[in-house]
Amino acid sequence: KPVIHRVMERVKLAKTVDEVWLATTTEEYDDVLVEEAKKNNIAVYRGSTEDVLDRFYQIIKVENPGIVVRVTADNPLTSPELIDLAGEELRKGKHDYVRMENLPYGSGAEVLPRETLIIAYEEATEEYDREHVTPFIKADPDRFDIEAMEPDEELQRPDIRVTLDTLDDYLFLYKVFHEFIGSNTEISLREAIAYIDDM
């Protein structure tokens, strides 16, 4: 399966997520991502290559969600379980931003209220803040109520890398997913960590 397909599948498994959108660019090279989204009945917004924050804003103008979950498309082991935990904490604690800490690099998500994203959209001016969506929020803990949660101890493995940036990352993730073909179509993060420890 394409990596983007795996990411979409995993986000759909989160019980607290009502709708999934692909926020990609208008560039021709991203047509393949759009086609994959269509196959998975995922809504698509195409916008700026550099201003990812604007892509998010344009989607929430249409959908008007109460809560926004940000997952990046190069993280095929994003944990639906942790998305739900972060979403529940956001609702319960009335925070402006919730993330998980000490996870395997590339398995987490960011959760924030619609209103917080709008503030970032309206006030962030630095190119880095626009490209990476949430740095404007994270840089101002005096203004924003930021909650950094820690998952179960067995998931606290910042020493493990499960994102996809390089060829080595791809080969590593291929081995992990290949191990579970036929036995478990949706690998849990716990299963992946256990397998990686035995590699």
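Summed over the stretch 183-199, residues that are more than 20 Å from the chain's Cα centre (by Cα) and either under 28 Å from G87 (Cα atoms) or not small (G, A, S) (or both) total 7. Taking the criterion of being out of contact with any Leu (no Cβ under 9 Å at 6 or more places or on another chain) and crowded, with 18+ Cβ neighbours inside 10 Å, the only residue of the stretch 147-169 that qualifies is R161. Annotation for the stretch 115-126: no member residue is open to solvent by less than 20 Å² (accessible area, probe 1.4 Å), closer than 19 Å to V11 by Cα and among the hydrophobic types (A, V, I, L, M, F, W, C). Out of all the residues in the stretch 138-154, is one or more of a type in the set (K, R), over 18 Å from the mean Cα position of the chain (by Cα) and under 28 Å from E63 (Cα atoms)? Checked against the condition, which is being of a type in the set (K, R), over 18 Å from the mean Cα position of the chain (by Cα) and under 28 Å from E63 (Cα atoms), the stretch 138-154 yields at least one hit.
No other residue among F172, F180 is aromatic (F, W, Y) and either under 20 Å from A86 (Cβ atoms) or open to solvent by 50 Å² or more (accessible area, probe 1.4 Å) (or both) apart from F172.
Residue under question is V71, and the condition is that it be under 22 Å from R10 (Cα atoms) and of a type in the set (V, I, T); does it hold? The answer is yes for V71. Confirm whether R46 is modelled with pLDDT of 95 or more, charged (D, E, K, R) and under 25 Å from R157 (Cα atoms). When the stated conditions are applied, R46 does not pass them.
Taking the listed residues K15, K1, the one that is over 24 Å from D169 (Cβ atoms) and among the basic types (K, R) is K15, with no other qualifying.
The values are calculated or read from the model by the stated rules, or taken from the named source; none is laboratory data. Values in this document were obtained by computation on a predicted structure and should not be read as measured data. We place every Cβ from the backbone using ideal geometry, glycine too, and count neighbours over all the protein chains shown. What goes into the accessible areas is simple: the full protein's heavy atoms, side chains included, and nothing from ligands, DNA or RNA. Shrake-Rupley method; radii C 1.70, N 1.55, O 1.52, S 1.80 Å.
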